[in-house]
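In what follows, a single structure is set out as structure tokens and then discussed.
The values are calculated or read from the model by the stated rules, or taken from the named source; none is laboratory data. Note that the structure is predicted; figures quoted are calculated from it, not measured. No Cβ is skipped: glycine too gets one built from the backbone with ideal geometry, and neighbour counts run over all protein chains shown. Calculation scope for accessible area: heavy atoms of the full protein, side chains included, ligands and nucleic acids excluded. Shrake-Rupley method; radii C 1.70, N 1.55, O 1.52, S 1.80 Å.
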Amino acid sequence: MDMNVESPSATAPLADLPQACDVLVIGGGPAGSTVGTLLARMGHDVVVLDKDAHPRFHIGESLLPANLPLFEKLGVADEMRQIGIEKWAAEFMSPWHDHKQAFQFGEAWDKSMPYAYQVRRSDFDRVLLENTARAGARVLQQCRVEQVNLDAADHVEAQARMEDGRRFTCRARFLVDASGRDTFLASRLKIKHKNPKHNSVAVFTHFAGAQRNEGMEEGNISIYWFDHGWFWFIPLRDGATSVGMVTWPYYMRTRGDRDLGEFLRDGIATCAPLAARLQDASIVHPPEATGNFSYLSERTHGRNYVMLGDAYAFIDPVFSSGVMLAMQGGFDASEAIHTWLTQPQRQAQALARLDSRLRHGPREFSWFIYRMTNPAMRDLFMGPRNILRMKEALLSLLAGDIWGKTPIWHSLRAFKVLYYMSSLRHLPRSVRAWQRRKINIRAVDDAMPLSKG
């Protein structure tokens with residue numbers, strides 16, 4: 001591990017722990033590492049505090065082609081190539097259709113990003129965090145921020161505790177919340193809310209011995225619809241395969257006394273194509289689950305802080321957009337924070353532009369996510385047409401190419417019109433589907449057990 005990263009066993013005296021900095025980052029995942037690296041390179045004094053010890057298990061292993069240019073800019077492209085397996089397409093399978101539909105990223109509007117990677121997140125996050133330390137940021141692992149004070153006029157104040165019990169207070173001119181699903185600021189400011197338009201639960205694990213595609217298709221992500229949601233199938237470079245079941249809260253309630261592994265296996269058994277690929281596979285990581293999968297915060301920022309990636313919002317993992325949103329947010333935030341620190345007269349303008357950028361990704365993906373289990377959307381995905389370059393535009397969205405100059409928006413609007421026309425053509429089916437969806441996303445007892453098991 002890079003020598004600039006404080007190891008979990010570090011026993012530096014209290015005086016050597018960070019007391020002040022320009023930017024304090026809570027969380028060392030993709031968002032925190034990205035913004036920390038870029039700001040440190042700009043010459044700012046950056047402190048990154050992460051509650052975990054890296055490497056550590058995490059889901060979100062499927063990346064998008066638009067991640068690759070960001071790796072180049074961060075200087076980690078070679079390391080990502082070494083830990084990742086190439087992902088050239090996203091495959092969709094539906095029990096209501098008799099074929100597999102693959103979306104090749106090389107057929108997107110911009111042909112220059114034909115593949116992405118599948119990565120083990122423990123390796124991926126470690127590479128990014130070590131890169132942050134190499135850039136000059138002070139990185140402390142197993143350091144939990146317990147409280148922040150945002151009331152002072154010229155600084156924020158964070159109280160943190162190391163794993164060995166040492167506590168310290170660090171003052172910063174600006175605070176970045178990249179705490180992921182911990183949603184540190186949004187929870188404490190009471191601005192985090194369940195998404196009224198979506199609600200899902202995930203159960204996931206790693207398998208060994210899963211049946212893979214051959215050749216260039218080996219690393220493809222596979223999405224399987226089933227009666228109660230959908231599954232992901234993500235091959236990793238070391239032979240493991242990440243499998244997750246994203247389902248509705250009511251279905252999770254049917255778990256009963258089954259442990260998570262048995263519950264997941266029983267769900268997989270209802271999806272014949274996936275069950276066939278896993279019939280000789282064994283679980284090699286304790287299954288885990290997460291609830292309240294979809295949430296939104298009322299705002300992205302305040303006078304002297306910003307919330308990035310999952311710390312701001314999370315909708316659903318179906319398009320593998322989480323890491324992309326986090327890293328792109330880190331790039332956008334680094335520019336805004338640099339302006340905020342160096343040009344006081346432009347602080348409000350910089351944060352307003354950042355707000356627009358941070359809201360853009362979740363907004364564009366969410367329209368499709370809310371409709372992914374609708375029969376009309378399934379039909380369009382399983383039988384894509386390139387009228388008015390709709391398929392190319394959809395592939396650009398799936399590739400994460402939504403922040404640049406690729407002119408996909410007229411074609412995506414045409415796709416949405418086609419979706420509504422298809423829904424009207426099969427109106428009784430569409431009405432039943434939306435009535436069912438209203439039932440599916442209803443909240444159930446949040447106290448249901450979602451731990452390892």
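Just to confirm, what accessible area per residue do you get for the chain at 1.4 Å probe, in whole Å²?
Heavy-atom accessible area per residue stands at 41 Å².
Give the relative contact order (percent, whole number) for the chain; include only Cα pairs under 8 Å separated by 6+ residues.
20
Highest mean first, what order results for 362-370, 304-312 on Cβ atoms within 10 Å?
304-312, 362-370
So if I restrict to the alpha-carbon atoms in the stretch 213-337, what is the Rg, and what is Dmax, the biggest pairwise distance, in Å?
Rg then Dmax for the stretch 213-337, in Å: 17.7, 55.
Gain in length, L424 to R144, computed as 0.36 nm per residue apart minus the alpha-carbon separation, to one decimal in nm?
Gain on stretching L424 to R144: 95.6 nm.
Starting with the highest mean, order 187-200, 419-432 by the number of other Cβ atoms within 10 Å, averaged over the residues of each peptide.
By packing density, highest mean first, the sequence is 187-200, 419-432.
Suppose every K and R has +1 on its Cβ and every D and E has -1 on its Cβ; what is the size of the dipole of the stretch 93-190 about the Cα centre, in Debye to the nearest 20?
260
List the extent of the Cα atoms of the stretch 258-313 along each of their three principal axes, largest first, rounded to whole Å.
Principal-axis extents of the Cα atoms in the stretch 258-313, largest first: 54, 21, 19 Å.
Taking the Cα atoms of the stretch 322-431 alone, what are Rg (to one decimal) and Dmax (as a whole number) in Å?
Reported Rg and Dmax, both Å: 17.8, 58.
Just list whichever of K111/K416; K51/K405; K100/K194; K111/K192; K190/K405 have alpha carbons separated by over 28 Å in the model shown.
K51/K405; K100/K194; K111/K192; K190/K405
Using the Kirkwood radius over Cα pairs, work out the Stokes-Einstein diffusion coefficient for the chain at 10 °C and 1.306 mPa s, in µm²/s as a whole number.
In µm²/s, the coefficient is 70.
Given +1 on the Cβ of Lys and Arg, -1 on the Cβ of Asp and Glu, and no further charges, what dipole in debye does the chain carry about its Cα centre, rounded to the nearest 20?
Charge dipole of the chain: 1800 debye, to the nearest 20.
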